[in-house]
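Asker: Below are the structure tokens for one structure; questions will follow.
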Amino acid sequence: MGQMGYRMTLVEAKQGTATLDMTGARRFAPPHQASERHAMDRAAIDSRIRTLIEPFNKKAVTITDATTFAGDLEFDSLTVMDFVAEIEDEFDVIISMNQQAEIENYGQLVTAVGTLAGDDA
């Protein structure tokens, strides 16, 4: 048999939805439901983010949905980047620079992470 000419698409690679059998035929598995991949509600996402934010909360500010990163927590750009990296690693998501610019408070962050993780928190 010659070389197989199949390349997995980025979506297939990310979701793990395509496989090849011994004949080289392309086979698809149904994509995982968001609830299976990330079985978390808003409260669970909130709890995990609260744990992640602790080392960055140098002034021990009480975190509410209205807590702002720039004003209340006084995060500088480096702190924001480090915190975002922690969230991206924890939830296996990517928060774009444009999305980061739109997220001004803690509640918006929890909602954004839920949406990116497929849970619509």
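Every read-out reported here was derived from the displayed coordinates using simple, explicitly stated rules and does not represent laboratory data. Computed from a predicted model, the values in this text were never measured in an experiment. Every residue, glycine as well, gets a Cβ built from its backbone with ideal geometry; the counts of neighbours run over all protein chains shown.
Asker: Grab the alpha carbons of region 35-116, take their convex hull, and tell me the volume per residue in Å³.
Answerer: In region 35-116, the Cα convex hull volume per residue is 84 Å³.
Asker: If you take every residue apart from Thr62 with its C-beta less than 15 Å away from the C-beta of Thr62, what net charge results, scoring Lys and Arg +1 and Asp and Glu -1?
Answerer: -2
Asker: By the scheme Lys and Arg +1, Asp and Glu -1, what is the net charge of all other residues having a beta-carbon under 12 Å from that of Ser47?
Answerer: With Lys, Arg at +1 and Asp, Glu at -1, the neighbours total -1.
Asker: Something else: Residues of region 90-115 with the amide nitrogen closer than 18 Å to a label point 7 Å from the Cα of Val61, along Cα-to-Cβ, please.
Answerer: Residues 100-112 qualify, since their backbone N sits under 18 Å from the label point.
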